[in-house]
Amino acid sequence: SLLSQPGNQRPTAWLGPDTLLFQSNVANSGQFDLLVLPVMGGGKPAVYLEAPWSETDMHVSPDGKLASYVSLEGGSQEVWIRDFPSGQGKWKVSPSGGRAPRWSPDGKDLYYWRVGVATGTTGLVPSVPLDSLFRVRVDRVPSVVVRTPQLMHTLTLAGSADENWDLHPDGNRFIVVV
């Protein structure tokens, strides 16, 4: 057992071999905060982000300098990035909804899913759930600049891709639960 505390804790990613990123709602409020836990030597969890709204699904860039996460700060799920480990700076990645961010292997791009609904143009085609995968270039010199999201792929999965997927280590493929 790595951690035992009240509420609900969910791991999101490993940060190297000895540190776990996780989300926790210690007060069982339904709102999650982001924490970092050193797993060796009986380390104690350290808060990365704490807010009156939920923040989930944190992943750190391959160079360890930026963290991506999903926040309900504006009332809907959006993908953001901040400096890591300080939590300073704040840049919005998804302009119209986003979930489940993953960094490319080189850390230059961030991928995320947006769940929406596609409708037929004639009115005869019923609405269908449509999950869309986007890629966003994140430039860092001289400072962080988030470029316009580019649509990479769409799937009619009824919202399952946003939590059950991963990017292949080569950055050219992904796997998704259907």
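The values are calculated or read from the model by the stated rules, or taken from the named source; none is laboratory data. Quantities reported herein were computed from a predicted structural model and do not represent experimental measurements. Here the Cβ is made from the backbone with ideal geometry for all residues, glycine too, and neighbour counts use every protein chain on show. Remember, those area values only see protein heavy atoms, side chains included, never the ligands or the DNA or RNA. Shrake-Rupley method; radii C 1.70, N 1.55, O 1.52, S 1.80 Å.
Values computed for the structure shown
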{"read-out": "Residue count, the stretch 58-102 (criterion: assigned to a strand (DSSP E or B) and either free of Cβ contacts under 8 Å to residues at least 60 places away in the same chain or more than 21 Å from LEU151 (Cα to Cα) (or both))", "value": "17"}
{"read-out": "Single match in SER160, SER132 (criterion: out of contact with any Ser or Thr (no Cβ under 9 Å at 6 or more places or on another chain), among the hydroxyl-bearing types (Ser, Thr, Tyr) and at pLDDT below 90)", "value": "SER160"}
{"read-out": "Pair list, Cβ under 8 Å, 6 or more apart: the stretch 1-20 residue in a loop (DSSP other than H, G, I, E, B), other residue at pLDDT below 80 and of a type in the set (Val, Ile, Thr)", "value": "GLN5/VAL26; PRO6/VAL26; GLY7/VAL26"}
{"read-out": "Residue match in the stretch 3-23 (condition: open to solvent by less than 20 Å² (accessible area, probe 1.4 Å) and either aromatic (Phe, Trp, Tyr) or touching a Gly at 6+ places or on another chain (Cβ under 7 Å) (or both))", "value": "yes"}
{"read-out": "Some residue of the stretch 143-150 being open to solvent by less than 70 Å² (accessible area, probe 1.4 Å), modelled with pLDDT of 85 or more and not aliphatic (A, V, I, L, M)", "value": "yes"}
{"read-out": "Output for the stretch 49-67, where each listed residue is touching a strand residue (DSSP E or B) at 6+ places or on another chain (Cβ under 8 Å) and either on the phi > 0 side of the Ramachandran plot or buried (at least 18 other Cβ atoms within 10 Å of the Cβ) (or both)", "value": "LEU49, SER54, GLU55, THR56, ASP57, MET58, HIS59, VAL60, SER61, LEU66, ALA67"}
{"read-out": "Check on VAL39, modelled with pLDDT of 95 or more and out of contact with any Lys or Arg (no Cβ under 6 Å at 6 or more places or on another chain)", "value": "no"}
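Yes/no per residue for (1) among the basic types (Lys, Arg); (2) modelled with pLDDT of 90 or more; (3) closer than 30 Å to GLY116 by Cβ:
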{"site": "SER4", "(1), (2), (3)": "no, no, no"}
{"site": "LEU34", "(1), (2), (3)": "no, yes, yes"}
{"site": "GLY43", "(1), (2), (3)": "no, no, no"}
{"site": "GLU55", "(1), (2), (3)": "no, yes, yes"}
{"site": "HIS59", "(1), (2), (3)": "no, yes, yes"}
{"site": "ALA67", "(1), (2), (3)": "no, yes, yes"}
{"site": "SER71", "(1), (2), (3)": "no, yes, yes"}
{"site": "PRO85", "(1), (2), (3)": "no, yes, no"}
